[in-house]
Amino acid sequence: MSDVDIVPIKAEIAAHALISREKYDLMAAQAVAEPEAFWAKEAKRIDWIKAPTKIKNTSFHGDVSIKWFEDGTLNAAANCLDRHLAERGDQVAIIWEGDDPGMSTKVTYRELHEKVCRLANALTAQGVKKGDVVTVYLPMVVEAAVALLACARIGAVHSVVFGGFSPDSLANRIQDCNSVALITADEGRRGGRKVALKTNADEALKTCPSVKTVIVAQLTGGKVDMQHGRDVWYHEVTEAASPKHTPVEMNAEDPLFILYTSGSTGKPKGVLHTTGGYMVWASFTHQYVFDYHPGEIYWCTADVGWVTGHTYIVYGPLANGATTLMFEGVPNYPTTSRFWEVVDKHKVNIFYTAPTAIRSLMRDGEEPVKKTSRKSLRILGSVGEPINPEAWHWYDRVVGEHRCPIVDTWWQTETGGILISPLPGATALKPGSATLPLPGVRPVLVDGEGKELHGETEGNLCIADSWPGQMRTVYGDHARFVQTYFSTFKGLYFTGDGARRDADGYYWITGRVDDVINVSGHRMGTAEVESALVAHEAVAEAAVVGFPHDIKGQGIYAYVTLVADVEPTEALRKELITWVRKEIGPIAAPDVIQWAPGLPKTRSGKIMRRILRKIAANETDSLGDTSTLADPGVVTDLVSNRAG
Ligand code: WTA
């Protein structure tokens, strides 16, 4: 990788940027030397009901305890709404752009405040109380933002489940946290198609007795079954509710939300974020990373079902009084010009998307981009997976016309917000590098034994000290939290990613070093796909690995051993793919299934995934040491029958 490929800070950006290189250096130094003073000052970006006097109380050792601003009280929704009313009540808070290009709406801060108050009152009327968990299973509609903020307003903990997840996945995520209510819709719309959300929810709820209330937003008017005594219409309960509501006073460390994410083992974990630190981090990072100036139109293309949608569509932008765009659709519907048409239509200044979207649009060439103006664009962002230099340059040249800095933002569901990223006015860019840590973030690279590596090096990416936006625990399972993130390398938060640090101290994320794969920027545990496969009656055993995929970054490659007497047919292959889609959701569908009469195992029975990854990547001439295999013949067979 060449380090000479440096894109300097743009003078016209630097002239107005909030943070210069000098300021960044000062902030970074102070945040590490005097974290209490630094974060006490940054905490003032949030309106506290009672200002915190205790700032940081964190330990990555022993039982691991993370507390920020612990004696402060606040309400997250009030920070996103009420405090803006006097100054910008009539400013647009959310621009909603429908899947259908003919549909869009604008919601001002005052209107959003009213919608949130009404739903907050409606939730209370349904018996939802502070501390209860409410699951949200909605598409990209304004009601999704309203649902999050209404929960926050009454102190209920929201748990958003991506609308693309199956009934089973939804059910698991409801059962794990015992949600008392579900907010969903009749149907969603995506790319001209309908998604049967209510039908999925009904299926899921058969095994979820904790849910007493289902609030259903009417989006398409499609026919749905309403269960008497359980299901109510969103429009009816909000119309009946008062538009006035006093936000509930929450402690900084009271839970704000749970978001399930895949790990290398077992079922998805409920990542728990609390109120004060998360809000400070969301506001701080949104303002500085995107160099957000008042009045700008900001668009993050993520879905609210993922953490990016939480922090960078809802909480960060709204805490900062921004205008945030919510897009219901997909990049290629009705045409592959859609993103850029929306940019022109709403005069978007800051655009934040995923490398997989860029790569898929690249396939259609430059014309669909070039026929649009895009002259409103000022800053471009990337998130979710490493951006390959080819996609970076296309984004820079074709979309941004060399005018817009690209902020390649590295972070995770667990980190609450961005940790490593360029700042537009402060950081010279290197295509493919997330560059430098934000103030207060202390990345370290360690070898397999946990020994810290210094200078120019490559290793496991850990973070040495806490930052306010860090997750606090795995919901209901603190031992798993400690085990997953703090036991591999003592005293460090382990990210699960590998990274290289170059001579300038820039970080280059190399991808996951565990059994998590990143498909189109979505995290998938190989174990989850494997357990879905073995749940099929024809499957005896399955092993799943990631492999390089041109568009998705990584694809899903499944090795499947069938039970005795079942014939491997094309029909069965298709059936298994459909099966996984149904069990987990379309994002988990294997790209390749290879029939495997046997799997490569050590003599102690452990599957050697290293070898399976090599075969999937078609790197069969570098399989490495196979001497510990119980039966080397298995590998010969897999190599000669490689699929895909
Ligand atoms: C990967 C998404 C390289 C990484 C915000 C991380 C990235 C996982 C980048 C978290 C980036 C995210 N460069 N890799 N800019 N951003 N990742 O929890 O492997 O869905 O651990 O959070 O995505 O995915 P998650």
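Counting only pairs 8 or more residues apart or on different chains, how many lysine pairs in region 520-641 have their Cα atoms under 26 Å apart?
7
Treat every Asp and Glu Cβ in region 520-641 as -1 and every Lys and Arg Cβ as +1, leave all other atoms uncharged, and give the resulting dipole magnitude about the Cα centre to the nearest 20 debye.
For this selection, approximately 440 debye.
Lys/Arg Cβ at +1, Asp/Glu Cβ at -1, dipole of region 520-641 taken about the Cα centre: which of 595, 569, 557 is farthest positive-ward?
Value: 557.
According to a simple spin-label model (label point 7 Å from Cα along Cα-to-Cβ), what is the distance in nm between residue 623 and residue 551?
3.2
Charges on Cβ only, +1 for Lys and Arg, -1 for Asp and Glu, centred on the Cα centroid of the chain; of 618, 229, 495, which one is farthest towards the dipole's positive end?
Going by the Cα projections, it comes out as 229.
Where in region 119-141 does the label zone of residue 249 land, with the point 7 angstrom along Cα→C-beta and an amide N cut-off under 18 Å?
Only 130-131 pass the distance filter.
Could you point to the residue in 312, 270, 351 farthest towards the positive end of region 265-373's charge dipole, with +1 and -1 charges on the Cβ of Lys/Arg and Asp/Glu respectively?
270
What percentage of the solvent-accessible surface of region 520-641, computed with a 1.4 Å probe over protein heavy atoms, is contributed by carbon and sulfur atoms?
Roughly 52 percent, rounded to a whole number.
If packing is taken as the average number of other Cβ atoms within 10 Å across a peptide's residues, how do 120-126, 49-55 rank, most packed first?
Highest-to-lowest ranking by the protection proxy: 120-126, 49-55.
Using the Karplus curve 6.51 cos²θ - 1.76 cosθ + 1.60 with θ = phi - 60°, what ³J(HN,Hα) values do you get for each residue of region 332-348, in whole Hz, with x for Gly and Pro?
Here the 3J(HN,Hα) series is 10, 10, x, 9, 7, 8, 3, 3, 6, 5, 5, 4, 5, 4, 10, 6, 5 Hz.
Between residue 630 and residue 388, what is the FRET efficiency for a Förster distance of 30 Å, r being their Cβ-Cβ separation, to the nearest 0.05?
0.20
How about region 525-610: which GluC sites (Glu not before Pro) there lie in a loop by DSSP and see at most 15 other Cβ atoms within 10 Å?
537
Could you give the size of the charge dipole of the chain about its Cα centre, using +1 on the Cβ of each K and R and -1 on the Cβ of each D and E, expressed in debye and rounded to the nearest 20?
That gives the chain a dipole magnitude of about 920 debye.
Please give the calculated 222 nm ellipticity per residue for the chain, where each DSSP H segment of at least 4 residues contributes -39500 (n - 2.57) and the sum is spread over every residue; nearest 500 deg cm²/dmol?
Dividing the helical sum by the residues of the chain leaves -8000 deg cm²/dmol.
How much accessible area per residue does region 11-500 have, counting only protein heavy atoms and a probe of 1.4 Å, in square angstrom?
34
For a label point 7 Å from the Cα of residue 23 along Cα→C-beta, name the residues of region 280-305 whose backbone N is under 20 Å from it.
Answer for region 280-305: 280-298.
Tally Lys and Arg at +1 and Asp and Glu at -1 over the other residues with C-beta under 14 Å from the C-beta of residue 579: what net charge comes out?
-2
Over region 520-641, what is the mean sequence separation of C-alpha contacts under 8 Å (at least six apart), divided by residue count, expressed as relative contact order in percent?
23
Could you grab the Rg to Rh ratio for the chain? Cα atoms only, Kirkwood for Rh.
My calculation of the ratio gives 0.95.
The values are calculated or read from the model by the stated rules, or taken from the named source; none is laboratory data. Worth saying up front: this structure is predicted, and the values here are computed from it rather than measured. Cβ atoms come from the backbone with ideal geometry, glycine included; neighbour counts cover every protein chain shown. All accessible areas refer to the heavy atoms of the entire protein, side chains included, with ligands and DNA or RNA removed. Shrake-Rupley method; radii C 1.70, N 1.55, O 1.52, S 1.80 Å.
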